[in-house]
Structures are given as C-alpha cells and as structure tokens.
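Visitor: Here it is, the structure in full.
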Amino acid sequence: MTQGVAMTQGMAMTNDNIITTDVVIVGAGPCGLFAVFELGLLDIKAHLVDILPKVGGQCAELYPEKPIYDIPGFPIVTGQGLVDNLVEQIKPFGPTFHLNQMIEALEPIGTADAPRFRVTTDAGTVFETKTVIVAAGGGSFQPKKPPIPGIDAYEGNSVFYAVRKMEAFRGRDILIVGGGDSALDWTLNLQPIARRVTLMHRRDDFRAAPHSVEQMRALVASGQMDMKLGQVTGLKGEGSALQAAICRDNAGETFEIACDTLLPFFGLTMKLGPIADWGLNLNENLIPADTEKFETSTPGIFAIGDINTYPGKLKLILSGFHEAALAAQKVHRYVYPDKRLTFQYTTSSTSLQKKLGVA
Amino acid sequence: MHVRVTDREGEQRELEALEGWRLMEIIRDWGLPIKAECGGACACATCHVYVAADWVDKLHPPREEELERLDEAFDVRPNSRLACQILFSPELDGLTVVLAPELD
C-alpha cells in the first residue's frame, strides 16, 4: 500500500459497518482519480470503487505501455505512466480504494435538495453517501462470453467465465479455452484436482508467462493433461449439464471433446452492468449530463469521462479532467451547503498549498 | 476510394475510405456495429474482420501483437484481421471484408 492511499480488496462488510462518506466515485480510471484531486482541494474526501484489482481503468488494463500524446503538459506519457502520476498527485488527499468490487445497488435515501444514497457493492461493502460520481468509462470490465450457440443454458452449472471456488471443480472433466495467463493459470491450478483437464488454444503459441507454458507442456508430455489446437464451435448436453464441446481444428476438421465443464478465457470487455438499473436516464448506454456541473437526471449523481454524453462531447481524457473539476464544485454545495465556495488557484493559495502539503 | 463491408446480417455496404485512416475508424465512423473498445491500441480484439480471399496477400502480414490479440476473438480464421491494424492506402481501394461475430 502506498502512503496516503488506503485499499480494500473485495473485503466483505456487514451492514453494521456502513461507510458514511460525502462522495463515492464509481471507477478508478484517470477521470475518477483526478476527481479525487479536485474534491480534495475543496476538503472533500473520496472513496473509489472499481471492479478491477488495480487502479487505472482502461489506461492500465488495455494500454499500459501505449504512448498517449494529448495529455496537457506531457508530450508523451504511457497509460501506466499517467496513472502512476495521478496516484502520486492525489496522495495528499488520502483516497480509499475498494478494488475487485462492483457497485450492484444504488438506492436514493435523501431529497433533491439534500441528496443521500445507499450504495452496495457485490463484496458487501455498504456506503451512505451524499453524492456519487460515476467515472466508469466504457462500463465495467467483465469476461467476454463467446457467441457459441446455446451457451447461456449451460452457464452457472457447466460453463464458467471465472473461478470463484476451486473446490467446485474437483473431479470434473474440464475444457479450458484460451492462451493467456488466465487460461494457463487455471489449467495448472485445476489439473491436480480435476478428473482431467484439456487446454484448447487456436495456435501453438501462448501469450501467458513462459514458466506457466513450460509447466503445462511438461504435464502434457507426462500424460497428466491434454492440449488441443482448435476452437469451440458448439456444445452438446442435456439441460444445463454439458457432455461435450464440438470443436474445429485449424484444417477445418470437426471433432468432439468430452467434458462436463467449459472455462472460456477470452479476456475482458466493457459492459454498462448494474449502472443501467440505477434509475438514471440513459442514451445508448451513456449517461446524459449537463455541461455546467456534469450532474445527471438524479440530483447528487454526477457522470464524468467517457461514460457521459452531452452536445459536443469529445471522448478524451482531458475532457474528463475538466468535467471532474466542474462536478466537484457542485458536490461541494451538497456537502457544505452553508459554506461559501471561493475559487482559488494552487499557484497562489496558501490554503490549497497546505492541503497539498507543499506550504 | 472505397471499402466493401458485409455486416453480421449479411448486408454489404460500400463505404468511402480515406487514406491514412485505419479500417476500424472507417467502419466505425460510418456507423457499422464494430465495438473497437480500445480505440485502436490493438488491445481488445473487438474490431475483428474477415478479409476476402483475393485481398489477404495484398495486406501486410499481421504482427505478433495482432496475433496475440486475435487469441481473444472468436471463430478466428486464416483470413482474420483486426481492422485497427489495417492502414488505408490507395492500393487498398476496393478492399472487401466481413464483420466477424462479436463476443458478448
């Protein structure tokens, strides 16, 4: 844990441990992180929730090593470099991160003039907050589901996109599909307890850690598991009980693999997720916001960054930074309704510099 | 310059193409359903297309990075490409592709 930054990793909490706060930020990508800074200057502390196990959103997940050229003041910066700098910049404000969690429910419990919300994550963390800033980018990162006909019927019993409890797979005939770290890691972890594990990938090159690939190949060589080249095209079974996967090899020949469990690991994709159920107006999976304070149709809930829409919206990181600054001004009015807000510059304000720990 | 794109319903559209644009950007800007969620960083495989047989050899071969990303696509075939890795040039006038199925 870095100094000034607290983290919880999907820790379950009971309702006796409700976290009372002024703002919950949904999403720890660049816009969510910079919102911490703008709120911090106004004496508002933030809790951030993110479904990923690390901060940085798309920048850290999708393009950590890619150069970004349009961040003011950085002629070039990588996705991860930008995230690292933002984390450093917000340290003085001591945000609390709740990672590996997705907000499942948001219930208004206040009024339009004095909004208040009860926010619950899928890990059982409960917040009571005056405001919510949605900075969820393209939505929540969730596992990609392959468009195999009829796959839905098997989900939850025979088809899983993540492994929650390894013990649930003891004695099973498992087909794992994919060539990345998730596929290889679960192949190696489940092989000792499964009846049989087969790993299928479309080519004989793997992008997982070389050590994992070596271990997998050694298990195949000693006959303790199978590795097949090909792709799954269909499923056979009864009800939700899978019996076999229909596959196609690279020459176009069809074959079957008997299995009662399929674990497809095709990476992550972004989905709006439970945000769609929060009662906000939506426009094609985007949240309309006004351009004065970036508030949504629900007073007290704000939307900044790629998740929002308004006339002239540009999906740029710098747009999200601007939106964070304006949203923070209105959040201040909800959090400190009796306090006058005087705009100050960090270059000249001793008060702001004290908050930043530089005066 | 034009590119011919068949969507997932089988309808073919002829789209005006601009030199220097990525095929993904052309398809997306004409409003066809291509997710392209990483915006062209070759990081998500959500701009997967099948290139018509007579065009496959006219494109530069995929780099390792593109092949790795294709591992995250579904129903990958020998003519599979990521549209974000095809930079449009006059030599590609008439390029014909089909949108691949999208992972849910």
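Visitor: Restricting the search to region A:236-259, which residues are in contact with a Ser or Thr (Cβ under 8 Å, 6 or more places away or on another chain) and surrounded by 21 or more Cβ atoms within 10 Å (Cβ to Cβ)?
Guide: A:Leu242, A:Cys247, A:Cys259
Visitor: Check region B:10-32 and report whether any residue there is within 14 Å of chain A (Cβ to nearest Cβ) and touching a His at 6+ places or on another chain (Cβ under 6 Å).
Guide: no
Visitor: Another one. Looking at (1) assigned to a loop (DSSP other than H, G, I, E, B); (2) modelled with pLDDT under 95; (3) within 28 Å of B:Gly40 (Cβ to Cβ), which is the one condition that is false for A:Met13?
Guide: Failing condition for A:Met13: (3).
Visitor: Still on this model: Which fully enclosed strands (runs of 3 or more DSSP E) of region A:260-341 have 2 or more residues being within 19 Å of the chain's Cα centre (by Cα) and at pLDDT below 95?
Guide: Strands (runs of 3 or more DSSP E) meeting the threshold: A:268-271.
Visitor: A further question follows. Among strands (runs of 3 or more DSSP E) lying entirely in region A:41-111, which contain 1 or more residues that are modelled with pLDDT of 95 or more, charged (D, E, K, R) and touching a Lys or Arg at 6+ places or on another chain (Cβ under 9 Å)?
Guide: So the answer is A:103-108.
Visitor: Could you list, in sequence order, all residues of region B:1-56 that are of a type in the set (Lys, Arg) and over 18 Å from B:Gln85 (Cα atoms)?
Guide: If the condition is that a residue be of a type in the set (Lys, Arg) and over 18 Å from B:Gln85 (Cα atoms), then B:Arg8, B:Arg13 are the ones that fit.
Visitor: Here is a further query. Could you say which residue among A:Asn285, A:Asn250 is at positive phi and within 14 Å of chain B (Cβ to nearest Cβ)?
Guide: Sole residue among the options that is at positive phi and within 14 Å of chain B (Cβ to nearest Cβ): A:Asn285.
Visitor: Let me ask you something else. Which residue is nearest to A:Leu282 (Cα to Cα), if the candidates are limited to region A:112-151 and must be basic (Lys, Arg) and part of a loop (DSSP other than H, G, I, E, B)?
Guide: So, considering only residues that are basic (Lys, Arg) and part of a loop (DSSP other than H, G, I, E, B), the one nearest to A:Leu282 (Cα to Cα) is A:Arg116.
Visitor: I'd like to verify a number: residues in region B:37-57 that are surrounded by fewer than 22 Cβ atoms within 10 Å (Cβ to Cβ), away from chain A (no Cβ under 11 Å) and either aromatic (Phe, Trp, Tyr) or over 11 Å from B:Thr96 (Cβ atoms) (or both), how many?
Guide: Selection size over region B:37-57: 3.
Visitor: Also, quick follow-up: Search region A:122-140 for residues being surrounded by fewer than 22 Cβ atoms within 10 Å (Cβ to Cβ) and closer than 29 Å to A:Leu314 by Cα, and hand back the single one that is nearest to the other protein chains (Cβ to nearest Cβ).
Guide: Out of the qualifying residues, it is A:Gly139.
Visitor: Kindly provide the set of residues from region A:215-239 that are in contact with a strand residue (DSSP E or B) (Cβ under 6 Å, 6 or more places away or on another chain), free of Cβ contacts under 8 Å to residues at least 60 places away in the same chain and within 14 Å of another protein chain (Cβ to nearest Cβ), ordered by number.
Guide: A:Gly230, A:Gln231
Visitor: Go through region A:61-95 residue by residue and tally those that are within 14 Å of chain B (Cβ to nearest Cβ), under 20 Å from A:Ser140 (Cβ atoms) and not small (Gly, Ala, Ser).
Guide: So the answer is 4.
Visitor: Could you figure out which of (1) within 14 Å of chain B (Cβ to nearest Cβ); (2) touching a Leu at 6+ places or on another chain (Cβ under 8 Å) isn't true of A:His98?
Guide: Single failed check for A:His98: (1).
The values are calculated or read from the model by the stated rules, or taken from the named source; none is laboratory data. As the structure is a computational prediction, the values presented were derived from the model and not from experiment. For neighbour counting, all protein chains shown are included, and Cβ atoms are generated from backbone atoms with ideal geometry for every residue, glycine included.
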